[in-house]
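The values are calculated or read from the model by the stated rules, or taken from the named source; none is laboratory data. Model, not experiment: these values are computed from the prediction. Every residue, glycine among them, receives a Cβ derived from its backbone with ideal geometry; neighbour counts consider all protein chains shown.
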Amino acid sequence: MSLIVHKYGGTSVGTPEKIKNVARRVKKVKDQGDQVVVVVSAMGHTTDELIDLMNQVTDSPDPREYDMLVSTGEQVSAALLAMALQASGCPAISLTGGQAGVVTEDIYKKARIKEIKLDRIKEELKENKVVVITGFQGEDSKGDIITIGRGGSDTSAVAIAAALKADVCDIYTDVDGVYTTDPRIVPEARKLKYISYEEMLELASLGAQVLHPRSVECASIYNMIIHLRHSQKEVDGTFIMSPAQILKEVGKMEKQEAVRGIALDENIAKIGLLRVPDRPGIAARIFGALAKEKINVDMIIQSIHSSGQFADMAFTVDKPELKKALEVAEKIAAELKAEGVVHDRDVAKVSLVGIGMVSQPGTASKMFETLAEAKINIQLISTSEIKISCVVKAADGKKAVQLLHKAFNLDKIIQ
Ligand code: ADP
Ligand code: ASP
Ligand code: MG
(Lines give C-alpha, C1' and ligand atoms only; values in the text may rest on other atoms or scores of the structure.)
(Ligands and ions follow the chains in the order given, each with its own letter.)
Protein backbone atom coordinates (compact mmCIF):
# COMPACT_ATOMS: atom_id res chain seq x y z
CA MET A 1 0.00 0.00 0.00
CA SER A 2 1.36 3.39 -0.98
CA LEU A 3 0.68 6.81 0.52
CA ILE A 4 -0.17 9.24 -2.25
CA VAL A 5 -0.47 13.03 -2.02
CA HIS A 6 -2.28 14.89 -4.79
CA LYS A 7 -2.57 18.67 -5.13
CA TYR A 8 -5.14 20.29 -7.39
CA GLY A 9 -4.78 23.97 -8.37
CA GLY A 10 -7.49 26.57 -8.88
CA THR A 11 -8.33 25.81 -12.51
CA SER A 12 -8.47 22.07 -11.81
CA VAL A 13 -11.25 22.60 -9.22
CA GLY A 14 -12.76 25.63 -10.98
CA THR A 15 -16.28 24.24 -11.53
CA PRO A 16 -18.52 21.60 -9.88
CA GLU A 17 -17.95 19.39 -12.95
CA LYS A 18 -14.17 19.67 -12.53
CA ILE A 19 -14.46 18.87 -8.84
CA LYS A 20 -16.39 15.72 -9.77
CA ASN A 21 -13.60 14.85 -12.24
CA VAL A 22 -11.03 15.23 -9.49
CA ALA A 23 -13.16 13.02 -7.25
CA ARG A 24 -13.20 10.33 -9.98
CA ARG A 25 -9.42 10.53 -10.32
CA VAL A 26 -8.86 10.34 -6.58
CA LYS A 27 -11.35 7.49 -6.14
CA LYS A 28 -9.54 5.47 -8.79
CA VAL A 29 -6.30 5.69 -6.82
CA LYS A 30 -8.09 4.91 -3.57
CA ASP A 31 -9.79 1.88 -5.14
CA GLN A 32 -6.35 0.44 -5.94
CA GLY A 33 -5.87 0.16 -2.19
CA ASP A 34 -3.64 3.18 -1.63
CA GLN A 35 -3.99 5.85 1.05
CA VAL A 36 -4.73 9.27 -0.43
CA VAL A 37 -4.33 12.81 0.89
CA VAL A 38 -5.54 15.62 -1.38
CA VAL A 39 -4.54 19.27 -1.02
CA VAL A 40 -6.73 21.79 -2.84
CA SER A 41 -6.57 25.43 -3.90
CA ALA A 42 -9.55 27.76 -4.05
CA MET A 43 -11.89 27.36 -7.03
CA GLY A 44 -10.80 29.30 -10.15
CA HIS A 45 -10.06 32.94 -9.37
CA THR A 46 -11.76 32.92 -5.97
CA THR A 47 -8.73 34.29 -4.11
CA ASP A 48 -8.45 37.25 -6.51
CA GLU A 49 -12.17 37.87 -6.16
CA LEU A 50 -11.91 37.87 -2.36
CA ILE A 51 -9.04 40.38 -2.54
CA ASP A 52 -11.13 42.48 -4.88
CA LEU A 53 -13.97 42.51 -2.34
CA MET A 54 -11.49 43.53 0.33
CA ASN A 55 -10.24 46.43 -1.77
CA GLN A 56 -13.81 47.72 -2.04
CA VAL A 57 -14.00 47.91 1.73
CA THR A 58 -10.61 49.30 2.73
CA ASP A 59 -7.30 50.67 1.42
CA SER A 60 -5.31 49.38 4.36
CA PRO A 61 -6.54 45.93 5.32
CA ASP A 62 -5.58 44.47 8.65
CA PRO A 63 -3.31 41.46 7.89
CA ARG A 64 -5.17 39.22 10.33
CA GLU A 65 -8.50 39.90 8.65
CA TYR A 66 -6.86 39.46 5.22
CA ASP A 67 -5.92 35.92 6.24
CA MET A 68 -9.40 35.27 7.66
CA LEU A 69 -10.88 36.34 4.33
CA VAL A 70 -8.63 34.76 1.70
CA SER A 71 -8.34 31.42 3.51
CA THR A 72 -12.07 30.82 3.00
CA GLY A 73 -11.65 29.99 -0.70
CA GLU A 74 -9.82 26.75 0.01
CA GLN A 75 -12.46 25.73 2.54
CA VAL A 76 -15.13 25.80 -0.16
CA SER A 77 -13.23 23.56 -2.58
CA ALA A 78 -12.10 21.14 0.16
CA ALA A 79 -15.64 20.65 1.46
CA LEU A 80 -17.07 20.27 -2.07
CA LEU A 81 -14.42 17.70 -3.02
CA ALA A 82 -15.05 15.71 0.17
CA MET A 83 -18.79 15.76 -0.63
CA ALA A 84 -18.19 14.70 -4.25
CA LEU A 85 -16.05 11.80 -3.02
CA GLN A 86 -18.68 10.76 -0.48
CA ALA A 87 -21.35 10.96 -3.18
CA SER A 88 -19.35 8.54 -5.30
CA GLY A 89 -19.15 6.09 -2.43
CA CYS A 90 -15.62 6.97 -1.32
CA PRO A 91 -15.26 7.84 2.39
CA ALA A 92 -13.66 11.28 2.74
CA ILE A 93 -13.23 14.15 5.18
CA SER A 94 -12.15 17.75 4.63
CA LEU A 95 -9.81 19.45 7.10
CA THR A 96 -8.68 23.08 7.40
CA GLY A 97 -4.94 23.70 7.69
CA GLY A 98 -5.30 24.04 11.44
CA GLN A 99 -7.37 20.85 11.79
CA ALA A 100 -4.77 19.01 9.70
CA GLY A 101 -2.02 20.10 12.11
CA VAL A 102 -0.26 22.61 9.82
CA VAL A 103 1.58 24.89 12.26
CA THR A 104 3.00 28.14 10.89
CA GLU A 105 5.08 31.05 12.12
CA ASP A 106 3.18 33.93 13.74
CA ILE A 107 3.30 36.10 10.60
CA TYR A 108 0.15 36.94 8.71
CA LYS A 109 -0.02 36.71 4.90
CA LYS A 110 3.32 35.01 4.23
CA ALA A 111 4.22 32.68 7.08
CA ARG A 112 6.43 29.66 6.67
CA ILE A 113 5.21 26.26 7.75
CA LYS A 114 7.04 25.28 10.96
CA GLU A 115 5.76 21.78 11.47
CA ILE A 116 2.94 19.40 10.63
CA LYS A 117 1.40 17.50 13.53
CA LEU A 118 0.28 14.35 11.80
CA ASP A 119 -2.01 12.76 14.42
CA ARG A 120 -5.33 13.85 12.90
CA ILE A 121 -4.37 13.06 9.29
CA LYS A 122 -3.10 9.61 10.33
CA GLU A 123 -6.25 8.94 12.37
CA GLU A 124 -8.49 9.72 9.40
CA LEU A 125 -6.35 7.69 7.01
CA LYS A 126 -6.57 4.75 9.39
CA GLU A 127 -10.36 5.02 9.16
CA ASN A 128 -9.95 4.44 5.46
CA LYS A 129 -10.91 7.98 4.44
CA VAL A 130 -9.47 10.19 1.74
CA VAL A 131 -8.23 13.26 3.63
CA VAL A 132 -8.87 16.53 1.76
CA ILE A 133 -6.85 19.43 3.16
CA THR A 134 -7.14 23.16 2.41
CA GLY A 135 -3.91 24.40 0.85
CA PHE A 136 -2.37 27.84 1.41
CA GLN A 137 -3.12 27.98 5.15
CA GLY A 138 -2.15 26.86 8.62
CA GLU A 139 -2.56 27.93 12.22
CA ASP A 140 -0.21 30.06 14.34
CA SER A 141 0.61 29.75 18.04
CA LYS A 142 -2.53 31.72 18.96
CA GLY A 143 -4.77 29.48 16.86
CA ASP A 144 -5.28 32.20 14.24
CA ILE A 145 -5.68 31.22 10.60
CA ILE A 146 -2.53 32.15 8.71
CA THR A 147 -1.90 32.09 4.94
CA ILE A 148 1.50 31.26 3.54
CA GLY A 149 1.77 33.50 0.45
CA ARG A 150 -0.01 33.60 -2.93
CA GLY A 151 0.33 30.33 -4.81
CA GLY A 152 1.21 28.61 -1.53
CA SER A 153 -0.97 25.50 -1.92
CA ASP A 154 1.93 23.83 -3.73
CA THR A 155 4.03 24.32 -0.60
CA SER A 156 1.24 22.98 1.63
CA ALA A 157 1.13 19.82 -0.50
CA VAL A 158 4.88 19.22 -0.55
CA ALA A 159 5.22 19.93 3.18
CA ILE A 160 2.40 17.49 3.97
CA ALA A 161 3.87 14.88 1.60
CA ALA A 162 7.32 15.28 3.18
CA ALA A 163 5.97 15.06 6.73
CA LEU A 164 3.97 11.93 5.87
CA LYS A 165 6.98 10.47 4.00
CA ALA A 166 4.57 9.93 1.10
CA ASP A 167 5.54 7.67 -1.79
CA VAL A 168 4.18 10.05 -4.41
CA CYS A 169 3.58 13.81 -4.55
CA ASP A 170 1.59 14.66 -7.69
CA ILE A 171 0.85 18.32 -8.36
CA TYR A 172 -2.02 18.62 -10.85
CA THR A 173 -2.44 21.85 -12.77
CA ASP A 174 -3.63 23.27 -16.09
CA VAL A 175 -0.41 22.56 -18.07
CA ASP A 176 1.09 19.15 -18.66
CA GLY A 177 4.46 19.93 -17.15
CA VAL A 178 7.23 22.45 -16.71
CA TYR A 179 8.10 24.02 -20.04
CA THR A 180 11.22 25.87 -21.18
CA THR A 181 9.10 28.98 -20.65
CA ASP A 182 5.44 29.84 -20.06
CA PRO A 183 3.66 28.16 -23.02
CA ARG A 184 1.08 30.96 -22.94
CA ILE A 185 3.87 33.34 -24.03
CA VAL A 186 5.79 31.01 -26.35
CA PRO A 187 3.60 28.29 -27.91
CA GLU A 188 6.76 26.49 -29.20
CA ALA A 189 8.06 26.06 -25.65
CA ARG A 190 9.16 22.47 -24.94
CA LYS A 191 8.04 20.31 -22.05
CA LEU A 192 10.92 19.15 -19.86
CA LYS A 193 10.81 15.55 -18.70
CA TYR A 194 13.03 16.25 -15.71
CA ILE A 195 14.32 19.39 -14.05
CA SER A 196 16.60 19.68 -11.03
CA TYR A 197 15.43 21.26 -7.79
CA GLU A 198 18.01 24.01 -8.17
CA GLU A 199 16.90 25.06 -11.65
CA MET A 200 13.21 24.79 -10.79
CA LEU A 201 13.69 26.83 -7.63
CA GLU A 202 15.41 29.55 -9.63
CA LEU A 203 12.73 29.55 -12.37
CA ALA A 204 9.93 29.66 -9.79
CA SER A 205 11.60 32.41 -7.75
CA LEU A 206 12.12 34.45 -10.89
CA GLY A 207 8.44 34.45 -11.75
CA ALA A 208 7.53 31.14 -13.46
CA GLN A 209 4.23 30.81 -11.68
CA VAL A 210 3.89 27.10 -12.33
CA LEU A 211 5.20 26.16 -8.85
CA HIS A 212 5.45 28.10 -5.59
CA PRO A 213 9.20 28.56 -4.94
CA ARG A 214 9.01 27.34 -1.36
CA SER A 215 7.44 24.06 -2.49
CA VAL A 216 10.60 23.34 -4.48
CA GLU A 217 12.81 24.39 -1.56
CA CYS A 218 10.88 22.05 0.74
CA ALA A 219 11.01 19.18 -1.78
CA SER A 220 14.77 19.51 -2.15
CA ILE A 221 15.34 19.51 1.61
CA TYR A 222 13.32 16.31 2.05
CA ASN A 223 14.31 14.82 -1.30
CA MET A 224 10.64 14.51 -2.23
CA ILE A 225 10.16 14.00 -5.97
CA ILE A 226 7.46 16.31 -7.35
CA HIS A 227 5.54 15.10 -10.38
CA LEU A 228 3.92 18.15 -11.98
CA ARG A 229 1.19 17.11 -14.38
CA HIS A 230 -2.08 17.93 -16.13
CA SER A 231 -5.27 17.37 -14.14
CA GLN A 232 -7.32 16.38 -17.21
CA LYS A 233 -4.78 14.08 -18.91
CA GLU A 234 -3.36 10.68 -18.02
CA VAL A 235 0.15 11.41 -19.34
CA ASP A 236 3.38 11.88 -17.41
CA GLY A 237 4.36 15.48 -16.75
CA THR A 238 7.67 16.79 -15.40
CA PHE A 239 9.62 15.21 -12.56
CA ILE A 240 11.36 17.70 -10.30
CA MET A 241 14.18 15.86 -8.54
CA SER A 242 17.86 15.93 -7.57
CA PRO A 243 20.58 15.70 -10.25
CA ALA A 244 21.47 12.24 -8.88
CA GLN A 245 17.88 11.05 -9.31
CA ILE A 246 17.77 12.50 -12.84
CA LEU A 247 21.02 10.74 -13.67
CA LYS A 248 19.52 7.46 -12.47
CA GLU A 249 16.47 7.98 -14.70
CA VAL A 250 18.21 9.02 -17.88
CA GLY A 251 21.08 6.59 -17.36
CA LYS A 252 23.69 9.01 -18.67
CA MET A 253 25.11 12.39 -17.88
CA GLU A 254 22.73 14.92 -19.37
CA LYS A 255 23.89 17.19 -22.09
CA GLN A 256 24.39 20.44 -20.23
CA GLU A 257 22.87 23.13 -22.39
CA ALA A 258 23.61 26.58 -20.98
CA VAL A 259 20.03 27.75 -20.68
CA ARG A 260 17.26 25.44 -19.48
CA GLY A 261 14.43 27.88 -19.11
CA ILE A 262 13.26 31.48 -19.23
CA ALA A 263 11.09 33.20 -16.63
CA LEU A 264 9.13 36.43 -16.85
CA ASP A 265 8.11 38.36 -13.75
CA GLU A 266 5.59 41.12 -14.43
CA ASN A 267 4.81 41.58 -10.78
CA ILE A 268 7.71 43.90 -9.97
CA ALA A 269 8.19 47.66 -9.61
CA LYS A 270 11.34 49.79 -9.61
CA ILE A 271 12.29 52.46 -7.09
CA GLY A 272 15.17 54.93 -7.45
CA LEU A 273 16.79 57.18 -4.84
CA LEU A 274 18.56 60.06 -6.56
CA ARG A 275 21.82 61.63 -5.42
CA VAL A 276 22.31 59.96 -2.06
CA PRO A 277 25.67 60.58 -0.34
CA ASP A 278 28.34 58.09 -1.50
CA ARG A 279 29.84 56.94 1.80
CA PRO A 280 29.95 53.82 3.97
CA GLY A 281 26.72 52.82 5.69
CA ILE A 282 24.24 54.37 3.26
CA ALA A 283 23.15 51.13 1.59
CA ALA A 284 22.90 49.46 4.99
CA ARG A 285 20.63 52.27 6.16
CA ILE A 286 18.32 52.17 3.12
CA PHE A 287 17.99 48.40 2.89
CA GLY A 288 17.99 47.96 6.67
CA ALA A 289 14.91 50.20 6.86
CA LEU A 290 13.20 48.18 4.11
CA ALA A 291 14.09 44.88 5.79
CA LYS A 292 12.65 46.14 9.08
CA GLU A 293 9.33 46.56 7.30
CA LYS A 294 9.71 42.98 5.93
CA ILE A 295 9.88 44.26 2.35
CA ASN A 296 11.79 41.90 0.05
CA VAL A 297 14.19 43.76 -2.22
CA ASP A 298 15.41 42.03 -5.31
CA MET A 299 17.78 43.63 -7.82
CA ILE A 300 19.91 46.50 -6.56
CA ILE A 301 22.03 48.80 -8.64
CA GLN A 302 24.21 51.69 -7.53
CA SER A 303 25.53 54.11 -10.10
CA ILE A 304 28.34 56.59 -9.53
CA HIS A 305 28.48 60.33 -10.12
CA SER A 306 31.60 61.94 -11.51
CA SER A 307 32.03 64.09 -8.38
CA GLY A 308 32.45 60.93 -6.32
CA GLN A 309 30.29 62.38 -3.56
CA PHE A 310 26.92 61.07 -4.63
CA ALA A 311 25.36 57.95 -6.05
CA ASP A 312 21.96 56.90 -7.40
CA MET A 313 20.40 53.72 -6.02
CA ALA A 314 17.77 51.68 -7.81
CA PHE A 315 16.10 48.47 -6.70
CA THR A 316 13.04 46.35 -7.40
CA VAL A 317 10.27 45.14 -5.10
CA ASP A 318 7.11 43.10 -5.67
CA LYS A 319 4.29 45.32 -6.97
CA PRO A 320 2.00 44.78 -3.95
CA GLU A 321 4.82 46.10 -1.72
CA LEU A 322 5.45 49.25 -3.77
CA LYS A 323 3.32 51.56 -1.64
CA LYS A 324 4.98 50.53 1.63
CA ALA A 325 8.45 50.53 0.04
CA LEU A 326 7.93 54.06 -1.31
CA GLU A 327 6.94 55.35 2.12
CA VAL A 328 10.16 53.92 3.58
CA ALA A 329 12.28 55.19 0.67
CA GLU A 330 10.86 58.72 0.93
CA LYS A 331 11.51 58.88 4.66
CA ILE A 332 15.12 57.73 4.26
CA ALA A 333 15.67 60.04 1.26
CA ALA A 334 14.58 63.02 3.36
CA GLU A 335 16.89 61.99 6.21
CA LEU A 336 19.82 61.61 3.78
CA LYS A 337 18.97 64.85 1.97
CA ALA A 338 18.80 62.94 -1.29
CA GLU A 339 17.51 64.72 -4.38
CA GLY A 340 14.34 62.64 -4.54
CA VAL A 341 12.64 59.31 -5.06
CA VAL A 342 11.31 58.03 -8.39
CA HIS A 343 9.38 54.88 -9.17
CA ASP A 344 8.14 52.89 -12.15
CA ARG A 345 5.41 50.22 -12.09
CA ASP A 346 5.72 49.48 -15.80
CA VAL A 347 8.69 47.15 -15.67
CA ALA A 348 9.21 43.40 -16.01
CA LYS A 349 12.09 41.05 -15.27
CA VAL A 350 13.26 38.52 -17.85
CA SER A 351 15.60 35.79 -16.62
CA LEU A 352 17.59 32.99 -18.20
CA VAL A 353 18.16 29.97 -15.93
CA GLY A 354 20.48 27.00 -16.31
CA ILE A 355 23.12 25.15 -14.29
CA GLY A 356 25.15 24.81 -17.50
CA MET A 357 25.71 28.57 -17.69
CA VAL A 358 28.62 28.32 -15.28
CA SER A 359 30.73 26.49 -17.83
CA GLN A 360 29.57 28.32 -20.95
CA PRO A 361 30.80 31.89 -21.29
CA GLY A 362 29.01 34.20 -23.68
CA THR A 363 25.47 33.58 -22.47
CA ALA A 364 25.11 37.07 -21.01
CA SER A 365 26.49 38.82 -24.07
CA LYS A 366 24.18 36.81 -26.32
CA MET A 367 21.24 37.85 -24.15
CA PHE A 368 22.22 41.53 -24.31
CA GLU A 369 22.80 41.38 -28.09
CA THR A 370 19.41 39.75 -28.67
CA LEU A 371 17.68 42.48 -26.68
CA ALA A 372 19.74 45.23 -28.34
CA GLU A 373 18.85 44.03 -31.85
CA ALA A 374 15.18 44.37 -30.94
CA LYS A 375 15.87 47.85 -29.46
CA ILE A 376 14.80 46.66 -26.01
CA ASN A 377 16.47 48.81 -23.38
CA ILE A 378 17.92 47.05 -20.33
CA GLN A 379 17.34 49.02 -17.13
CA LEU A 380 18.89 46.74 -14.49
CA ILE A 381 21.00 43.58 -14.69
CA SER A 382 21.81 40.95 -12.11
CA THR A 383 23.63 37.67 -12.47
CA SER A 384 24.47 34.57 -10.46
CA GLU A 385 26.12 31.31 -11.45
CA ILE A 386 22.88 29.88 -12.75
CA LYS A 387 20.84 32.89 -13.87
CA ILE A 388 20.94 36.24 -15.65
CA SER A 389 18.12 38.71 -15.13
CA CYS A 390 17.33 41.95 -16.97
CA VAL A 391 14.69 44.49 -16.05
CA VAL A 392 13.00 45.96 -19.13
CA LYS A 393 9.90 48.04 -19.91
CA ALA A 394 6.77 46.01 -19.09
CA ALA A 395 5.56 46.32 -22.68
CA ASP A 396 8.78 44.63 -23.89
CA GLY A 397 8.67 41.68 -21.44
CA LYS A 398 6.81 39.07 -23.50
CA LYS A 399 8.63 40.00 -26.71
CA ALA A 400 11.98 39.66 -24.91
CA VAL A 401 11.03 36.14 -23.75
CA GLN A 402 9.98 35.12 -27.28
CA LEU A 403 13.19 36.45 -28.85
CA LEU A 404 15.45 34.88 -26.23
CA HIS A 405 13.66 31.53 -26.46
CA LYS A 406 14.45 31.49 -30.16
CA ALA A 407 17.99 32.85 -29.82
CA PHE A 408 18.94 30.11 -27.37
CA ASN A 409 17.21 27.39 -29.46
CA LEU A 410 15.11 26.32 -26.52
CA ASP A 411 12.41 24.91 -28.78
CA LYS A 412 14.98 22.45 -30.18
CA ILE A 413 16.60 21.01 -27.06
CA ILE A 414 16.35 17.24 -26.89
CA GLN A 415 16.64 15.81 -23.36
P1 ADP B 1 -2.50 26.23 -10.35
O2 ADP B 1 -3.77 27.03 -10.25
O3 ADP B 1 -2.74 24.80 -10.76
O4 ADP B 1 -1.63 26.35 -9.15
P5 ADP B 1 -0.93 28.19 -11.77
O6 ADP B 1 -1.77 29.12 -12.60
O7 ADP B 1 -0.43 28.69 -10.47
O8 ADP B 1 -1.72 26.82 -11.60
O9 ADP B 1 0.33 27.70 -12.64
C10 ADP B 1 0.15 27.14 -13.91
C11 ADP B 1 0.49 28.17 -14.97
O12 ADP B 1 1.87 28.51 -14.91
C13 ADP B 1 0.32 27.68 -16.39
O14 ADP B 1 -0.98 27.84 -16.87
C15 ADP B 1 1.36 28.49 -17.18
O16 ADP B 1 0.75 29.51 -17.95
C17 ADP B 1 2.24 29.12 -16.12
N18 ADP B 1 3.67 28.92 -16.36
C19 ADP B 1 4.61 29.88 -16.20
N20 ADP B 1 5.81 29.42 -16.51
C21 ADP B 1 5.67 28.12 -16.87
C22 ADP B 1 6.57 27.08 -17.30
N23 ADP B 1 7.89 27.31 -17.41
N24 ADP B 1 6.07 25.87 -17.58
C25 ADP B 1 4.74 25.62 -17.46
N26 ADP B 1 3.84 26.56 -17.07
C27 ADP B 1 4.29 27.80 -16.78
N1 ASP C 1 -5.60 30.18 -3.64
C2 ASP C 1 -4.31 30.71 -3.31
C3 ASP C 1 -3.89 31.74 -4.36
O4 ASP C 1 -4.61 31.98 -5.32
C5 ASP C 1 -3.26 29.64 -3.14
C6 ASP C 1 -2.99 28.77 -4.36
O7 ASP C 1 -3.79 28.73 -5.30
O8 ASP C 1 -1.96 28.10 -4.35
O9 ASP C 1 -2.86 32.34 -4.21
MG1 MG D 1 -0.26 27.85 -8.53
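Structure notes:
Residue by residue, here is whether (1) among the acidic types (Asp, Glu); (2) at pLDDT below 95; (3) crowded, with 16+ Cβ neighbours inside 10 Å holds:
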position	(1), (2), (3)
243	no, yes, no
266	yes, no, no
271	no, no, yes
276	no, yes, yes
279	no, yes, no
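- Test: residue 247 is more than 16 Å from ligand 2 (Cβ to nearest atom) and in contact with a Pro (Cβ under 7 Å, 6 or more places away or on another chain): no
- Screening the range 4-53 for residues that are surrounded by fewer than 17 Cβ atoms within 10 Å (Cβ to Cβ), not in a helix (DSSP H, G or I) and not charged (D, E, K, R) and picking the one that is nearest to ligand 1 (Cβ to nearest atom) gives 45.
- Strands (runs of 3 or more DSSP E) lying entirely in the range 318-415 (those with 2 or more residues that are among the basic types (Lys, Arg)): 387-393
- Scanning the range 211-229 for residues that are touching a helix residue (DSSP H, G or I) at 6+ places or on another chain (Cβ under 7 Å) and not aliphatic (A, V, I, L, M) returns 212, 213, 214, 215, 217, 218, 220, 222.
- Subset of the range 131-142 that is free of Cβ contacts under 8 Å to residues at least 60 places away in the same chain and assigned to a loop (DSSP other than H, G, I, E, B) - its residue that is nearest to ligand 3 (Cβ to nearest atom): 140
- Qualifying positions in the range 158-189 - more than 10 Å from ligand 1 (Cβ to nearest atom) and in contact (Cβ under 8 Å) with a residue 60 or more places away in the chain: 158, 160, 161, 162, 164, 165, 166, 167, 168, 169, 170, 188
- Failed item, numbered, when residue 134 is tested on (1) within 12 Å of residue 100 (Cα to Cα); (2) more than 16 Å from ligand 1 (Cβ to nearest atom): (2)
- Selection count where residues are more than 10 Å from ligand 2 (Cβ to nearest atom) and in a loop (DSSP other than H, G, I, E, B), scope the range 150-183: 12
Let's see how each residue does on (1) buried (at least 22 other Cβ atoms within 10 Å of the Cβ); (2) near ligand 1 (Cβ under 8 Å from one of its atoms); (3) within 23 Å of residue 356 (Cα to Cα):
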{"residue": "151", "(1), (2), (3)": "no, yes, no"}
{"residue": "203", "(1), (2), (3)": "yes, yes, yes"}
{"residue": "217", "(1), (2), (3)": "no, no, yes"}
{"residue": "239", "(1), (2), (3)": "no, no, yes"}
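Residues checked against (1) among the acidic types (Asp, Glu); (2) within 13 Å of ligand 3 (Cβ to nearest atom); (3) farther than 28 Å from residue 78 by Cβ; (4) under 13 Å from the mean Cα position of the chain (by Cα):
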position: 129; (1), (2), (3), (4): no, no, no, no
position: 144; (1), (2), (3), (4): yes, no, no, no
position: 150; (1), (2), (3), (4): no, yes, no, yes
position: 159; (1), (2), (3), (4): no, no, no, no
position: 164; (1), (2), (3), (4): no, no, no, no
position: 174; (1), (2), (3), (4): yes, yes, no, no
position: 193; (1), (2), (3), (4): no, no, yes, no
position: 208; (1), (2), (3), (4): no, yes, no, yes
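- Residues located in the range 153-171, provided they are touching a Gly at 6+ places or on another chain (Cβ under 9 Å) and either surrounded by fewer than 24 Cβ atoms within 10 Å (Cβ to Cβ) or more than 21 Å from residue 220 (Cα to Cα) (or both): 163, 170
- In the set (1) in contact (Cβ under 8 Å) with a residue 40 or more places away in the chain; (2) farther than 25 Å from residue 321 by Cα; (3) out of contact with any Gly (no Cβ under 6 Å at 6 or more places or on another chain), residue 63 fails one condition alone, (2).
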